[in-house]
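**Student:** Take this structure, written in structure tokens, and hold onto it; I'll ask about it next.
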Amino acid sequence: MSVGVDIDRLVVLFDDGGVPYSPTAILARIDNIQEVMAVIASAPGKVLITGGYVILERPNAGIVLSTNARFYAIVKPLYDELRPDCWAWSWTDLKLTSPQMGREAMYKMSLKHFILQCTSSESRNPFVEYAVQYAVAAAYATFDDNKKDALQKLLLKGFDITILGGNDFYSYRNEIESRGLPLTPESLSSIPPFSSITLNSSNGEKENSKPEVAKTGLGSSAAMTTAVVAALLNYLGVVDLEVYGGAHHEENLDVVHIISQMAHCIAQGKVGSGFDVSSAVYGSHKYVRFSPEVISSAQNAIRVLPLEEVIADVLKGKWDHERTKFSLPPLMNLLLGEPGTGGSSTPSMVGAVKNWQKSNPQKSSETWKQLSDANTTLEAQLNLLSKLAQENWETYKSVIYNCSMCQSEKWIEQVSEAISLEIVKTLIGARDAMLNIRFLMREMGKAAGIPIEPESQTQLLDATMNVPGVLLAGVPGAGGFDAVFAVTLGDSGNNLTKAWSAHNVLALLVREDPRGVSIENSDPRINQISSGVSSVRIE
Ligand SMILES: Nc1ncnc2c1ncn2[C@@H]1O[C@H](COP(=O)(O)OP(=O)(O)O)[C@@H](O)[C@H]1O
Ligand SMILES: C[C@@](O)(CCOP(=O)(O)OP(=O)(O)O)CC(=O)O
């Protein structure tokens with residue numbers, strides 16, 4: 001059977017409540033973003049649930065959960081055909097588009113030294129610039145002469161790179177408030193995918209201070225850098241990320257990790273612990289940092305050696321970071337709540353903690369040891385819960401279901417037989433470990449004179465941990481006034497979302513997703529278009 005429809009009378013409506021699209025406009029929108037020979041990679045944002053500050057020093061470990069918030073990089077040639085005279089060129093072109101920021105920048109890249117020169121006056125993106133330079137240098141460093149010829153041809157076609165960050169990376173709280181919408185996840189989901197980014201107005205202290213992106217704290221720069229590096233390395237043929245599983249995939253991920261860490265550290269101007277890039281590459285895991293020398297020695301070498309040689313050495317360097325499998329036990333969910341009290345600057349918080357370590361080495365090392373032990377205890381309790389779930393699934397399921405409906409003091413009353421009791425005791429053990437971590441983080445903050453868990457967050461976290469079905473809550477990473485996290489049991493996340501909304505806290509749409517960097521089959525804007533279609537009608 002075929003149905004005749006006058007195409008110009010068809011109207012497609014999107015869930016985002018935006019303007020209806022005619023089919024012609026839809027086709028133009030899809031056509032416009034349909035990629036030819038494009039490689040699309042995505043990398044997740046993260047939440048560091050344990051290990052803030054202490055993971056800066058080996059061998060202290062942290063638990064980092066990757067999320068369903070993803071950054072995308074689309075890489076394709078800028079020119080379809082090679083121009084006849086291009087063999088004489090020693091430069092190629094790079095176009096970098098950031099639609100959410102309304103930015104487009106053009107660069108020339110030297111094929112000898114991989115130096116980038118910005119030829120348009122648009123504001124620069126150092127994370128992407130270093131990602132491009134180091135990925136291209138990695139290709140030269142790893143290819144033999146035959147492959148270098150093919151590489152040269154591909155490079156001469158230029159690069160057209162588009163970067164897109166999922167809405168979850170940015171704060172839309174002000175927008176929701178100004179539109180008079182309720183502070184709920186439903187309001188957040190009404191915002192169209194890959195929306196324009198709200199910029200915080202500059203504070204006026206420095207005349208030329210750049211407006212800052214209003215962020216939710218999921219590590220946008222690490223996810224962005226990793227997505228660009230992965231897309232480029234795949235595009236150039238240095239790695240093949242489409243073949244999943246096995247040792248070869250792990251080796252490919254390690255190459256993406258090394259080049260991303262290098263680009264991120266150099267662009268950021270500091271060698272941090274690297275957990276945010278690590279989770280963007282490998283997904284959720286337990287992380288122990290790499291020795292910073294592997295990057296600092298490369299930083300020195302860059303001044304005297306060709307980049308290709310430096311990158312070759314970095315790829316063979318002593319990368320001693322450790323990652324151990326970790327994910328939340330079954331039937332547990334990660335939630336984030338944005339209190340709307342503004343973000344804090346991690347480098348200055350880290351600087352204050354380092355000063356305290358110098359000025360009071362004995363007390364600070366005691367606190368660090370206690371914190372590290374408390375982090376290990378929480379990890380052990382969560383791992384034990386995963387094991388108990390695996391071995392006693394039915395009992396585990398019913399205990400979690402019962403506990404999800406009441407406050408923690410009542411959990412023990414729900415059980416009688418041995419296994420259920422062990423499960424509840426382990427849940428309470430995890431809670432106690434989190435309370436201990438929070439206490440020690442507050443102590444560290446007071447001693448260093450910085451708001452790691454400030455009073456307003458303490459009140460919010462205490463109230464959160466009293467909501468029925470909430471296992472634990474805390475300030476992620478470096479702490480401060482950013483969004484807080486909670487781990488909830490079963491379906492109790494809905495209780496928490498409502499409780500937060502009543503406290504003027506916006507529950508974000510972010511959830512744990514253990515998937516690290518990956519290659520995507522299609523432009524994420526096309527996926528979002530098709531999943532966003534709510535109805536088609538004929539007018
Ligand atoms: N969608 C985007 N397109 C281009 N650049 C972006 C986008 N989102 C964020 N950025 C850039 O990424 C960087 C974020 O880095 P930073 O402020 O250190 O954040 P984070 O702590 O999340 O890593 C900023 O330079 C910002 O301008
Ligand atoms: C203090 C830290 O241990 C954790 C910082 O954690 P955040 O999750 O706050 O990360 P940023 O994205 O860098 O702001 C510093 C570090 O390990 O890099």
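**Student:** Kindly report the accessible area of segment 92-159 per residue (heavy atoms of protein chains, probe 1.4 Å, no ligands, DNA or RNA), in Å².
**Tutor:** On a per-residue basis, 44 Å².
**Student:** Tell me, what % of the accessible area of segment 223-351 is carbon and sulfur with a 1.4 angstrom probe?
**Tutor:** After summing per-atom areas, the C and S share lands at 53 percent.
**Student:** Calculate the spin-label point distance for residue 244 paired with residue 57, positioning each point 7 Å from the Cα along the beta-carbon direction, and give it in nanometres.
**Tutor:** 4.0
**Student:** Want the number for residue 147 to residue 416: 0.36 nm per residue separation, take away the alpha-carbon distance, what's left?
**Tutor:** The span from residue 147 to residue 416 would gain 90.1 nm if fully extended.
**Student:** Computed over the Cα atoms of segment 326-448, what is the convex hull's projected area averaged over all directions, in nm²?
**Tutor:** Orientation-averaged projected area of the Cα hull: 9.4 nm².
**Student:** Show me 257-268, 376-387, 355-366, 43-54 ranked by packing, highest mean number of other Cβ atoms within 10 Å first.
**Tutor:** Descending packing order for the listed peptides: 43-54, 257-268, 376-387, 355-366.
**Student:** Once label points are set 7 Å from the Cα along Cα→Cβ at both residue 355 and residue 521, what is their separation, rounded to one decimal in nm?
**Tutor:** 5.4
**Student:** Can I ask one more? Between the alpha-carbon centers of segment 355-388 and segment 75-150, tell me the distance in whole angstrom.
**Tutor:** That distance is 44 Å.
**Student:** Give me, ordered by chain and number, the residues 5 or more places off residue 471 or on other chains with an amide H under 5 Å from its own placed amide H.
**Tutor:** 487, 488, 489
**Student:** If you don't mind, another one. Find the accessible area per residue for segment 332-507; the probe is 1.4 Å, ligands and nucleic acids are left out, and the unit is Å².
**Tutor:** Using a 1.4 Å probe on heavy atoms only, each residue of segment 332-507 averages 43 Å².
**Student:** Could you sort out which of 147/316; 112/354; 270/316 sit more than 29 Å apart by Cα distance in this structure?
**Tutor:** Pairs exceeding the cut-off: 112/354.
**Student:** Then there is this: For a paramagnetic label modelled at 7 Å from the Cα of residue 101 toward its Cβ, which residues of segment 120-155 fall within the zone defined by backbone nitrogen distances under 11 Å?
**Tutor:** Taking a point 7 Å out along Cα→Cβ of residue 101, the residues of segment 120-155 whose backbone N falls under 11 Å are 122-129.
**Student:** Moving on to the next point. Carbon and sulfur together cover what percent of the accessible area of segment 414-484 at a 1.4 Å probe radius?
**Tutor:** Carbon and sulfur: 56 percent of the exposed surface of segment 414-484.
**Student:** Here is a follow-up. May I ask for the percentage of alpha-carbon pairs in segment 251-381 that lie more than 27 Å from each other?
**Tutor:** Distances greater than 27 Å cover 37 percent of the Cα pairs.
**Student:** Over segment 461-530, what is the relative contact order in percent, taking alpha-carbon pairs closer than 8 angstrom and at least six residues apart? Display every interim value, and only then the final one.
**Tutor:** Working: 55 pairs, mean separation 16.1, N = 70.
Dividing the mean separation by the residue count of segment 461-530 yields 23 percent.
**Student:** Measuring from label point to label point, each 7 Å out along Cα→Cβ, what is the residue 111 to residue 322 span in nm?
**Tutor:** If labels sit at residue 111 and residue 322, their model points lie 4.6 nm apart.
**Student:** Which loop GluC sites (Glu not before Pro) in segment 128-187, with loop taken from DSSP, have no more than 10 other Cβ atoms within 10 angstrom of their Cβ?
**Tutor:** Hits after loop and neighbour filter: nothing returned.
**Student:** Run through segment 283-314 and list the trypsin sites (Lys or Arg not before Pro) located in a DSSP loop whose Cβ has at most 12 other Cβ atoms within 10 Å. Each step should come with its number before you reach the end.
**Tutor:** Values: sites: 286, 289, 303; in loops: 289, 303.
In loop regions of segment 283-314 (DSSP not H, G, I, E or B), the sparsely surrounded trypsin sites (Lys or Arg not before Pro) are 303.
**Student:** Taking every pair of Cα atoms in segment 318-387, average 1/r, invert it to obtain the Kirkwood radius, and report Rg/Rh to two decimals. Don't skip to the answer; put the middle values down first.
**Tutor:** Values: Rg = 16.8 Å, Rh = 15.8 Å.
Reported Rg/Rh (Cα atoms, Kirkwood Rh): 1.07.
**Student:** Among the lysines, which fall within straight-line cross-link reach of residue 286, defined as a Cα-Cα distance under 21 Å, with same-chain neighbours fewer than 8 residues apart omitted?
**Tutor:** Those lysines meeting the cut-off are 46, 318, 325, 369, 387.
**Student:** Starting from the alpha-carbon convex hull of the chain, give the projected area averaged over all orientations, in nm².
**Tutor:** 30.5
The values are calculated or read from the model by the stated rules, or taken from the named source; none is laboratory data. Values in this document were obtained by computation on a predicted structure and should not be read as measured data. Reconstructed Cβ throughout: ideal geometry from the backbone, glycine too, with neighbour counts over all protein chains shown. Just the protein is used for accessible areas: all its heavy atoms, side chains included, with ligands, DNA and RNA removed. Shrake-Rupley method; radii C 1.70, N 1.55, O 1.52, S 1.80 Å.
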